[in-house]
Amino acid sequence: MRTAFYISDGTAITAEVFGHALLTLFPAQFEHITIPFVETVDMAEQVKNRINDRYKTTGVKPLIFQTFVADNLRHIINSSDGICYDFLNSFVEPIQRELGIAPVPKTHRTHSMHEKTYDFRIDAVNYALANDDGANMKNFDQADIILVGVSRSGKTPTSLYLALQYGIKAANYPFVEEDMEMLRLPAELMRNKDKLFGLSITPERLSQIRQQRRPDSRYASIRQCTAELNEVEALYRREQIPFLNSTHLSIEEISAKIIAKTGLKRHKY
């Protein structure tokens with residue numbers, strides 16, 4: 001198994017995201033090691049020794065994905081026994097030529113939190129928590145989006161991700177078994193119909209998720225899951241509510257697809 005290091009004098013999030021995206025293209029297994037906030041020469045030397053030890057132990061050079069702003073720290077890591085890929089500096093020179101502006105390196109600039117962005121995110125997270133699972137429906141008028149779907153279809157984690165990552169106020173409402181006989185939109189949802197977005201999932205995957213919560217229950221049976229999903233998807237089509245199937249999607253992918261389909265304004269930058 002090959003080792004992949006993600007190293008930075010900041011959070012290392014950028015190195016992780018780019019590195020993981022690249023490695024998923026290759027049918028190989030990796031041990032992933034993330035080392036953020038390597039901010040001093042001593043720390044960089046320690047990381048270099050760790051990389052060199054891994055090479056000596058495995059006999060295979062580790063892959064190093066790095067995003068150092070400080071040149072001296074970057075040079076230390078580059079002198080290790082790893083194969084180094086420098087994301088930031090690969091693009092600095094061509095962008096400098098295009099813009100005609102010299103870069104002004106500053107550690108942590110990529111993920112520093114502007115006060116206004118911070119406020120958006122905190123407000124959105126508080127809103128998502130207060131309006132989870134149909135709570136406080138009188139507050140749905142304040143939502144940027146309202147996620148709807150059967151129980152355990154991914155509404156809550158998606159709502160929180162939209163809030164934390166993008167500052168989007170996301171409420172969510174569950175269609176439960178008792179609703180299925182005469183399934184229709186409550187008045188609060190009908191009033192905010194233009195904000196509704198539906199989530200669906202395959203019966204098999206829904207049953208697996210529900211089994212973890214209530215093993216061998218009617219709630220988790222394939223028959224019940226299939227019946228609920230059929231009713232809810234029929235409602236989506238009848239009321240012309242946009243929806244997507246979340247079965248094979250991560251929370252990040254679900255959120256990105258929702259934003260792309262709805263044009264929601266992000267408060268990320």
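The values are calculated or read from the model by the stated rules, or taken from the named source; none is laboratory data. What you see is a predicted model, and the numbers here were worked out from it, not measured in a lab. All Cβ positions, even for glycine, are placed from backbone atoms using ideal geometry, and neighbour counts span all protein chains on display. To get the accessible areas, we keep the full protein, side chains included, count just its heavy atoms, and leave off ligands, DNA and RNA. Shrake-Rupley method; radii C 1.70, N 1.55, O 1.52, S 1.80 Å.
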With label points set 7 Å from each Cα along the Cα-to-Cβ direction at Glu178 and Glu93, the distance between them in nm comes to 6.8
Size descriptor, Kirkwood hydrodynamic radius, that averages inverse alpha-carbon separations across region 136-232, Å: 14.1
Excluding near-sequence neighbours (fewer than 8 apart on one chain), the chain holds lysine pairs with C-alpha atoms under 16 Å apart numbering 20
Using mean Cβ contacts within 10 Å as the protection proxy, how do 255-264, 177-186 order, highest first? 255-264, 177-186
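Would you please put 208-218, 239-249, 77-87, 149-159 in order of how densely packed they are, using the mean number of other Cβ atoms within 10 angstrom per residue and starting with the highest?
149-159, 77-87, 239-249, 208-218
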Only Cα pairs under 8 Å and at least 6 apart count here; give the relative contact order of region 115-209 as a rounded whole percent. 36
How large is the accessible surface of Glu16 in square angstrom, using a 1.4 angstrom probe and rounding to the nearest 10? 60
Can you give the accessible area per residue of region 197-255, in Å², using a 1.4 Å probe? 55
If the convex hull of the alpha-carbon atoms of region 150-200 is projected onto planes in all directions, what is the mean projected area in square nanometres? 3.9
Which label belongs to the value computed from this structure, given these candidates for mean projected area of the Cα convex hull in nm²: [x] 18.5; [y] 15.0; [z] 12.6? [x]
Sulfur and carbon atoms: percent of accessible area, the chain [1.4 Å]: 52
Please list the non-local residues whose amide H lies under 5 Å from the amide H of Cys84, H modeled 1.01 Å from N, same-chain partners needing a gap of 5 or more. Ile64
Note on the chain: contact order normalised by length, alpha-carbon pairs under 8 Å, 6 or more apart, percent, works out to 15
Going residue by residue through region 135-149, the Karplus relation 6.51 cos²θ - 1.76 cosθ + 1.60 with θ = phi - 60° gives ³J(HN,Hα) values, rounded to whole Hz and with x marking Gly or Pro, of 5, 6, 4, 5, 8, 5, 4, 8, 6, 7, 8, 10, 8, 10, x
Computed Rg/Rh of region 1-132, alpha carbon atoms with Kirkwood Rh: 1.06
Compute log10 of I(q)/I(0) for region 1-69 with the Debye formula, placing one identical point scatterer on every Cα and leaving out solvent, at q = 0.13, 0.20 Å⁻¹, to two decimals. -0.35, -0.80
